[in-house]
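For reference, the structure is listed below as structure tokens.
The values are calculated or read from the model by the stated rules, or taken from the named source; none is laboratory data. Every value quoted in this text rests on a predicted model; they were computed, and no experiment measured them. Because the Cβ atoms are built from the backbone with ideal geometry, glycine has one as well, and the counts that use them run over all protein chains shown. Calculation scope for accessible area: heavy atoms of the full protein, side chains included, ligands and nucleic acids excluded. Shrake-Rupley method; radii C 1.70, N 1.55, O 1.52, S 1.80 Å.
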Amino acid sequence: MSNATASSTTDPGTDTTNVADRDKARRWREGGSEPLLRVRDLRVTFQRQGAEPFEAVQGVSFDVHPGQTVGLVGESGCGKSVTSLAIMGLLPERGNKVSGTVDYEGTNLLELSDQQMRDKRGKDIAMVFQDPLSSLNPVIPIGLQVTEVLERHRGMSRKAATPVARELLDRVGIPDPDRRLRDYPHQLSGGMRQRALIAIALACQPRLLIADEPTTALDVTIQAQILALLKELVEETGTALVMITHDLGVVAGLCDEVNVLYGGRIVERGDRHDLFAQPRHPYTNGLLASIPRMDAPRGQRLVPIPGSVSDNLPWTSACAFAPRCSQPIEVCTQKMPELEEHHQRALRCFNPVEVSR
Amino acid sequence: MLRFIVRRLVQMVGVLVVLSLLLFLWLRSLPGGTVSAILGERATPQSRAAMEAQFGLDQPIWVQYGKFVGRVLQGDFGPSTSVLPGTDALTIFFQRLPATIELSFFAMLIAIALGIPLGYFAARRRASLLDNASVIFSLVGIAIPVFFLAFLLKYVFAIKLGWLPVSGRQSGDVDATRVTGFFVIDGLITREFDASWDALKHLVLPSIALASIPFAVIFRITRASVLDVLDEDYIRTAESKGLTNRVIRGRHILRNAMLPVTTTIGLQIGALLAGAVLTERVFSFGGLGEALALSFERRDYPVLQVLILAAAAIYVLVNLLVDIMYAVIDPRVRTR
Ligand SMILES: Nc1ncnc2c1ncn2[C@@H]1O[C@H](COP(=O)(O)OP(=O)(O)OP(=O)(O)O)[C@@H](O)[C@H]1O
Ligand SMILES: [Mg+2]
């Protein structure tokens with residue numbers, strides 16, 4: 001890894017907001033700061049011809065403070081990607097309805113015009129996607145894919161942007177960056193491609209980065225490297241990070257706060273340490289029991305959550321998770337539990353897991 | 001890149017060898033053979049034998065093929081028998097080549113300049129009025145026989161409305177100096193701009209008729225290809241970078257979508273001669289297509305041979321160009 005001081009000296013005047021964010025991040029940890037991103041009652045409904053409208057996200061609310069790392073965790077299909085795409089304004093133009101508010105520094109992104117949103121994307125809010133090969137344009141060199149975002153948002157010329165791009169590739173740990181600038185995506189390894197995508201996302205030093213399962217498509221050893229890199233970069237630059245994953249193991253090493261999603265709704269939220277030490281929702285508990293742990297006694301079996309998402313009940317009249325729950329009670333199938341907040345925790349459950357100790 | 005081109009050129013020679021063999025066998029298998037074609041069915045055995053000896057037809061077949069190739073390589077196809085009796089077949093070919101190139105050029109220009117933008121916008125506004133209308137338009141373009149379309153255009157715009165010339169490449173009252181044989185270019189070189197303008201007017205209707213099929217095919221492939229590319233993850237990445245519409249369109253969508261379109265354009269150029277046969281007939285355009293039709297009707301084998309070999313060579317050459325274009329656009333091809 002190259003050192004950060006070198007890059008910030010060659011690139012003057014751009015780090016100021018993020019230095020401020022770093023301070024804010026500290027303040028946030030001590031309690032109290034305006035959220036950078038404030039999502040309220042976000043709903044996304046897909047209308048498909050000849051089919052019932054499908055509400056993929058059903059009223060999701062959460063905050064991201066400057067410099068904070070927030071996890072969105074849940075099984076496949078629970079609405080993680082749709083949530084992130086709705087925030088970015090990247091859902092397909094037609095066939096869906098988005099409601100609620102997504103306030104970024106006090107501006108509701110959902111009300112911005114296409115042009116205004118284009119000015120924000122890549123500059124204030126950036127995104128890293130799951131599959132690094134298919135997410136990079138196969139027919140243009142890596143260098144241009146980095147410089148084009150600098151040209152767009154920093155008003156730099158291609159020539160002026162090239163050394164910055166080189167610096168960025170170096171900073172995300174791509175060896176021989178001069179050569180890699182000229183290379184095409186297929187000439188890079190999977191890990192390097194994801195590093196390149198991260199370099200692209202961080203090129204304009206956004207205050208918010210959304211990473212949608214950035215390591216799922218990679219080998220296990222590479223996964224760990226990419227996570228370490230992300231962690232290092234957000235700490236170094238003070239960028240707030242929304243980490244989307246189905247893997248609680250990823251969350252454990254990275255996130256300050258964790259939102260657990262089930263069937264398009266948040267079922268539990270809490271500080272990472274609290275949540276891991278004391279999961280209250282049976283779903284969170286099940287997820288935790290199903291991650292392999294190094295410190296677990298030998299021979300202890302992993303317990304997967306029984307059933308699948310297709311067993312879900314509709315949230316409107318029940319707890320969607322009830323059919324798969326380890327401890328359902330009668331009311332679980334009769335009405336929807338509300339998300340109740342207390343002491344920095346939020347929980348949507350009629351019969352939470354007992355607090356041990 | 002150079003090795004790539006050399007490899008393709010070697011392949012091209014292979015293709016031409018196979019083709020010349022097929023052509024040779026085809027000529028040998030003509031009903032009654034060359035001799036009857038020339039002497040007629042009722043020639044005496046003596047005169048047949050004399051003629052066979054004269055043409056070397058009494059020698060082993062591989063010797064005949066060797067001689068055939070030798071003559072072809074020297075450009076010696078013999079004189080035309082009926083299209084323009086006595087004139088060297090190759091000379092006829094070169095006289096008529098510019099007309100067909102000019103016509104094909106404008107036809108492809110129309111097909112590409114209309115097909116690609118329309119295909120792009122139809123895909124971007126999928127299921128819109130523009131999309132539906134242009135899909136129907138392209139279906140008509142494919143379904144309508146070129147011959148009929150050419151007649152229709154000629155009847156309406158030349159005969160009835162009198163807006164454009166009925167036939168030929170140049171009006172009789174225009175006295176133009178010939179330099180290259182490309183009439184539009186000749187006028188520009190000699191500064192006889194009215195001659196260029198007149199030649200252009202003669203090109204409009206035949207070009208439209210000839211463009212109908214390539215346009216329809218290029219439009220449909222572009223549309224399908226853009227639809228595919230729009231679904232790709234890298235387009236979402238480009239959008240997530242906040243790039244302008246213009247950059248996303250040119251650099252990210254079209255550049256990728258052009259890969260299959262390039263192949264299609266190549267194939268369409270290769271197939272253009274078939275359309276030119278019909279179009280040139282209707283407009284008496286005096287190009288290779290017309291020569292092909294005439295030489296076939298009148299059994300002018302020397303001229304036929306030249307035209308068939310040339311058509312094949314052009315086809316192979318265009319495909320080579322397509323492959324090079326492909327490598328230019330797609331680095332994955334280049335670096336393999
Ligand atoms: N464009 C779309 N049209 C219709 N339905 C969609 C569309 N995109 C997503 N969905 C549906 O919305 C639901 C949530 O999808 P989403 O991609 O957010 O899941 P996810 O939590 O990201 O899962 P994964 O871990 O598999 O990425 C799924 O049931 C999916 O089928
Ligand atoms: Mg997803």
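Listed values, structure above:
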{"read-out": "Helix axis angle, B:288-297 relative to chain B longest principal axis, alpha carbon, degrees", "value": "40 degrees"}
{"read-out": "Inter-site label distance for B:Leu2 and B:Ser128 at 7 Å from Cα along Cβ, in nm", "value": "4.8 nm"}
{"read-out": "Helix A:190-202 vs. chain A, principal-axis angle (Cα, 0 to 90°, nearest 10)", "value": "80 degrees"}
{"read-out": "Whole-percent carbon and sulfur share, accessible surface of region B:50-170, 1.4 Å", "value": "72 percent"}
{"read-out": "Most mobile listed residue (B:Thr177, B:Thr244, B:Thr87) in chain B, GNM with C-alpha springs under 10 Å", "value": "B:Thr244"}
{"read-out": "Inter-label distance, nm, simple model (7 Å from Cα along the C-beta direction), A:Thr316/B:Val18", "value": "6.4 nm"}
{"read-out": "Cα-centred dipole magnitude for the protein assembly as shown, charges only on beta-carbon of K, R (+1) and D, E (-1), debye, nearest 20", "value": "960 debye"}
{"read-out": "Whole-Å distance, taken between Cα centres, linking region B:256-287 and region A:50-65", "value": "52 Å"}
{"read-out": "Nearest-20 debye value, chain B charge dipole, Cβ charges on Lys, Arg, Asp, Glu", "value": "1060 debye"}
{"read-out": "Charge dipole (the protein assembly as shown, unit charges on Cβ, about Cα centre) - positive-most of A:Leu202, A:Ala165, A:Val64", "value": "A:Ala165"}
{"read-out": "Residue among B:Arg220, B:Arg48, B:Arg169 with the largest mean-square fluctuation in a Gaussian network model of chain B, springs linking Cα atoms under 10 Å", "value": "B:Arg48"}
{"read-out": "Percent of beta bridges antiparallel (DSSP, the protein assembly as shown, rounded to nearest 5)", "value": "60 percent"}
{"read-out": "Ellipticity estimate at 222 nm from DSSP helix runs (n ≥ 4, -39,500 (n - 2.57)) divided over chain B, nearest 500", "value": "-24000 deg cm²/dmol"}
{"read-out": "Computed over region B:224-336, the ratio Rg/Rh where both radii use C-alpha atoms and Rh is Kirkwood", "value": "1.21"}
{"read-out": "Sites B:Arg332 and B:Arg71 - FRET efficiency at Förster radius 56 Å, r taken between beta-carbons, to 0.05", "value": "0.80"}
{"read-out": "Positive-end residue of A:Asn137, A:Ser308, B:Leu304, charge dipole of the protein assembly as shown with Cβ unit charges", "value": "B:Leu304"}
{"read-out": "Farthest toward positive dipole pole in chain B [+1 Lys/Arg, -1 Asp/Glu at C-beta], among B:Met1, B:Phe24, B:Gly66", "value": "B:Met1"}
{"read-out": "Spatially close lysines, pair count over the protein assembly as shown: Cα under 26 Å, gap of eight or more or interchain", "value": "24"}
{"read-out": "Neighbour net charge for B:Thr190 - beta-carbon separation under 15 angstrom, K R +1, D E -1", "value": "-3"}
{"read-out": "Acute angle (nearest 10 degrees) that the helix A:16-30 long axis makes with the longest principal axis of chain A, alpha-carbon atoms", "value": "30 degrees"}
